[in-house]
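Notes follow the structure.
Derivation of every value follows stated rules applied to the coordinates shown; laboratory data play no part. Predicted model only: the values in this text are computed from it and were never measured. We place every Cβ from the backbone using ideal geometry, glycine too, and count neighbours over all the protein chains shown.
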Amino acid sequence: MMLFNDGWEFSRQPLHTTFSEMKEREQMFSPVGLPHDWLIYDTNHLYEDGTGWYRKRFVLEKKEQELVFLRFDGIYMDSRVYVNGHLAGEWKYGYSAFELDITPFLEDGENEIRVSVDFQAPNSRWYSGAGIYRNVWLKQVPREHLVSDGIYFHAEPVKAAPENDWNIDLEVETTGCDLTVTADLLAEDGTLLPVRQGTGNAGEKEGQQGTWSIQPKEGQTGVWVHSIRLLAERPKLWDVESPNLYTLRVRLFKDGVLLQTEEQRVGFRAIAYLPDGGFFLNGRHIKLNGVCEHHDLGCLGSAFHEQAMRRKFEIIKNMGANAVRFAHNMPAAEAMDLADEMGLLVISEAFDMWESAKTPYDYARFFQQWYQRDVASWIRRDRNHPSVIMWCVGNEIHDTHAGEKGRLWMERLMAEVEKHDAKHNAPPTLASNYMPWENTQKCADVIKLIGYNYGEKYYDSHHAQHPDWIIYGSETSSVVQSRGIYHFPYKQSVLADDDEQCSALGNSTTSWGAKSAEACVIAERDRPYSCGQFLWSGFDYIGEPTPYHTRNSYFGQIDTAGFPKDPYYLYQAEWNDLRKKTVLHLFPYWDFNEGQLVDVRAYTNAPEVELFLNGKSCGVCRIDHAHGTTLSGNWQVPYEKGEIRAIARDENGNVLAEDARHSFGEAAHIMLTPEQETLRADGHDLLFLQISMTDADGYPVENANNRVQVTVTGAGALAGCDNGDSTETDGYKTGSRRLFGGKLLAVIKAGTQAGELCVTVSSPGLPEAHLTLQVRESAAVRGSSPEAYLAEMPVRKAAENSLPADADATSFRNALPADAGATPSEVPSAGEAAAKMTGERDGSEEQKNTEIPVRNIRLMSSAGNHLSEEVPETTVTAQLCPDNADDKEVIWRIVDDAGIPSPLAELQADGRTAHVRAKSDGCFRLRCMSRCGTEKVRIISQMEFTVTGLGKAFLDPYSFVSGGLYNYSRGDVGNGNEHGVATARDGETQVGFRELDFGPDGSDEICLPIFALTDEPYEIKIYEGMPGEPGAELIADVIYQKPSIWNTYQEETYRLNKWLRGITGICFVLQKKIHLKGFSFVKKNRAFEKLAAVQCDAIYGDSFRIADGVVREIGNNVTLEFGGLDFGQEGAARITICGSTPHEKNTIVLRFASEAGEETRMLEFMRGEPVQTFSFERICGRQTVRFVFLPGSCFDFDWIQFERES
């Protein structure tokens, strides 16, 4: 099999461009390197519809007795392959490998392959990339040959054997029966592993090769299965700590002539699952400490590169992880090889959807017709990998929840897995977030090995109710964090904030995920029956940027550039044995406002850690890792310049490790740290270069965000840059990027010529940094593409008039490699290429390259941090760091701990000075923020203030009240997006807001912005007061139902059954999950609203009753009182009354009382008409209005409404 990545050309076209249309656009092709992700080159259009066309011309000598296959490891998605103008085949799924027999279409001599790829969005919940993003292979075999992926290796230990001998069952598929098959196992040093025929039972005949049985393969004409059972003598076992591998060499002979040889690596390992004991590898209990991983590789996009994946695995293993769940699709073949080699256990997963779609253009369109082919491709390719421990047939599949059909589909998928892995090298499983519900539990009863997505709270009850289930956490955590971003205080959970970042302190939690990283560890530690967990996620990935609408996810323990976030070290501490590896990590960095209270945390696997600030102890924290609920050291320290230092000790007080953070100044030096010392001149080798900065004293500037320019010359070229910042808008393939959290990663690819590789990094106001590495002579891999992954990808030089007349030039933005002979200065970036195609040019690039962004803002208060009746005001000044930063504008805001606007103080801003006046008792934070030259807030600096002696503050229901301000709750309440609140998916949730000041007028109309996960109806009960407390009253039972838009709030307005006035509270009660952003009431003048009689402030008298919202049978001396009706200066001169009387007429005395005195109006309500209007002499100002019914009255009173004079 020959790598076939070289010599391709590419053209990006409008969606559904056909083969015949492309024949008219031959000039639109330009050279491209494979693997290739065309979307990653334009980060402003990562999900843009289009059809990519690939073309390759090659010369082949056609042989009569030879077959030629073309194998694609992955094309995303919906692809068609043409050979010499003939449709050779198609493939729908974007993640499974496929192979086509192209022999009938080939010609002797020059041939042409064309591949079309349709990308229509949305087709995925995450960034998928688009194109031929994995390797392509050309396979030439004799007509009688070994069938692709037709070798099946199964090994298991001989039962009760005194030696470590293993039985081997081997099956080999061929396209002929009159053939001889042999098999050998070679150790890493090339020596043969001793094997003999048989099962290890006494009396078996020994021999290097046994007798092969041959029989036709069921369902496939012309395919034969050669089978044998062998006994391997004392092989070295494959384990996570010692991943010993053997090369299985299978040879095919005919009449003594060697026709074909295939080799693949295998391992000897035994896995077992016990409902009460969890997972066992080779008889040893192992807790699965795993992570979930999507397939993109940061700035490389989805284009697979084995070295980038190896780096990813190394970082994951260094965290202490021993397992990976490839979510939610089959990985690249090389990723499986790496897992074998590096000792990582793998959950291999096939689908994120079955029949029920999650996005309009996803794989659900093709599932029914294609699932069998995709399962066959998946299982047959990877079934021999010792790293595979589960085949996951689906993730969060709605079909399993919706009805009985979901179980039937699962059984079909299990049968397909069984068909191709009949000896159970790995068992099937399902990963579900629907485990609380009956239909999915029926599926679990069938599959038994069941993964819970965010379902730890059900483990104990389900384990007791279903003792035969084998439970593990297929997805846990979903705690979100941005590397190097800290939102204080730690005790306040904050999901979303002004800077579109998530706090790395560990206090940014989603509504469905864990309450903390520690909670994930504890949940597994205390449940020995659980096999383990897979954190969502290991690395950040492009797409799914909950809780914002930015670029990357925030879920990872590692950002997209491969830089660990702080929680990474918690797992490293808890997943590593202290006797083998001591872990200590101190955070945050040390650069805040003087006197600001800073939460300092330390992760360690030691039992004790002590913090020092400038040499003075801040206290000792003792950690019970085996049984405790706090797995970190925690302190709150007023900031002062200098050093914080943590010292970890064992039980006897012996120092095990130290970690320190030092305050720092402005960046003075650029630091370049290569992860490799040399490169190979094979046109494929990658250099990962970390870029950071230090101040004049050599201390790392850990929040540096300077813009740098990365220039590569000599024996290599830039492949991309990444800083891990989800809010970033710069392209991945540009050398002009900002640092984020003090770091930037540059990925550089070696060329094919040996020599020096020179990297220069410059930044405005700083001396340049230079790095020179040797690129050693190395043979290029045959069939590889030196152009792949490169940052410089221009469009074929062509005028707009060369495009079809009906085409928009912007539809043809190509992501292509440099034209032959072009120098780097002549090769535009993808963005520049698009600009040239459309006749536009972004004039901001030069400004970007010279910008000096705000790094920090230092705040100083003239009156300190405590305000009171005696000192209610202070003036705060802001100093920008650095002082020569370009963007001088700042934004001031008064907020609470959650970043929600606070009513405790008022603010007058004057540039970089703010005058603050306290209004009410409590604590608030003054924020000063900078957009750093962008459109949104990027830097937040804050000071905390305490106010005493001014009295209590109440919430204003007429301004927006954020959901995060709730002060009463029952049930599982979580953080909602945009400072909202989220209710539970199952069970009742109560979310209450006390101390709302509706004033004397009040309101009965509420506006609710809601994000619901489905289009289903959601019942919302609204109470005045808190349910179960004295005086609580149900005032609305309403339904919310709108078409769901992901992560988007949609408003709905409701009328309450009661007019709320004065100081009171409300509570929302739900049985299903919604995100409630908050609420606001419509401010009304109650005096001119339609008021139900039952909404009066007081009712008293001899006889009446209330029924059906009406005051009925009003008799002698009954008075209804409405207080605080403000008729204003215009006044009221008419009233409409709805009611009824059996009398010919019923007299109603209308009395108006104010500070000026009392006035009376007499009304005669006549029998017959239920709605009657009365005019009277104008009444002005604020009045208490009483409706007085005289003796002899008989009246049913429904509602009233005053009107101004017409």
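With an 8 Å cut-off on Cα pairs and a minimum separation of 6 or more residues, tell me the relative contact order of region 1090-1204 in percent.
Numbers: 297 pairs, mean separation 46.1, N = 115.
For region 1090-1204, the relative contact order is 40 percent.
Order 710-719, 252-261, 943-952, 178-187 from most to least packed using the mean count of other Cβ atoms within 10 Å. Walk me through the numbers before you get to the answer.
Details: 710-719: 20.5, 252-261: 13.2, 943-952: 15.9, 178-187: 17.7.
Per-residue mean Cβ counts within 10 Å order the peptides as 710-719, 178-187, 943-952, 252-261.
Decide, for the chain, between rounded, prolate and oblate: order the square roots of the alpha carbon gyration tensor eigenvalues as a ≥ b ≥ c, take rounded if a/c falls under 1.5, and otherwise choose prolate if a/b is larger than b/c, else oblate. The partial results should precede the final answer.
On the way: a/c = 1.91, a/b = 1.69, b/c = 1.13.
Note, shape of the chain comes out prolate.
Cα gyration tensor of region 110-179, axes a ≥ b ≥ c as square roots of the eigenvalues: rounded (a/c below 1.5), prolate (a/b > b/c) or oblate?
On the way: a/c = 4.33, a/b = 1.60, b/c = 2.71.
Oblate, because a/c is 1.5 or more while a/b does not exceed b/c.
At 222 nm, what helix-only mean residue ellipticity would the chain give, in deg cm²/dmol to the nearest 500, using -39500 (n - 2.57) for each DSSP H run of four or more? Numbers along the way, then the final one.
On the way: 12 runs with 115 residues, N = 1206.
About -3000 deg cm²/dmol.
In whole Å, what is the distance between the alpha-carbon centres of region 1019-1086 and region 859-913?
34 Å
For the pairs K139/K405; K358/K936; K442/K1073, note any where the Cα-Cα span goes beyond 29 Å. Don't skip to the answer; put the middle values down first.
Working: K139/K405 40 Å; K358/K936 31 Å; K442/K1073 23 Å.
Distance filter (> 29 Å) returns K139/K405; K358/K936.
Neighbouring Cβ atoms within 10 Å as the yardstick, rank R114, R1178 fewest first. Kindly include the intermediate steps, with their values, before the conclusion.
Working: R114 22, R1178 13.
Listing R114, R1178 from fewest to most nearby Cβ atoms yields R1178, R114.
Is the shape of region 936-997 best called rounded, prolate or oblate, per the rule: a/c under 1.5 gives rounded, else a/b larger than b/c gives prolate, else oblate, with a ≥ b ≥ c the square roots of the Cα gyration tensor eigenvalues?
Working: a/c = 2.18, a/b = 1.30, b/c = 1.67.
Verdict is oblate for region 936-997.
Given Cα pairs under 8 Å that are at least 6 residues apart, what percent is the relative contact order of region 578-663?
Working: 206 pairs, mean separation 30.1, N = 86.
Across region 578-663, relative contact order equals 35 percent.
Lysines near K641 by alpha-carbon distance under 16 Å, same-chain residues fewer than 8 away left out - which ones?
K616
Please list, or write none, the lysines whose alpha carbon is within less than 18 Å of the alpha carbon of K733, excluding same-chain residues fewer than 8 places away.
Qualifying lysines at Cα under 18 Å: K743, K749, K836, K848.
Any idea what the relative contact order of the chain is, in percent, if you count C-alpha pairs under 8 Å spaced at least 6 apart? Walk me through the intermediate numbers first.
Details: 3244 pairs, mean separation 83.8, N = 1206.
The value is 7 percent.
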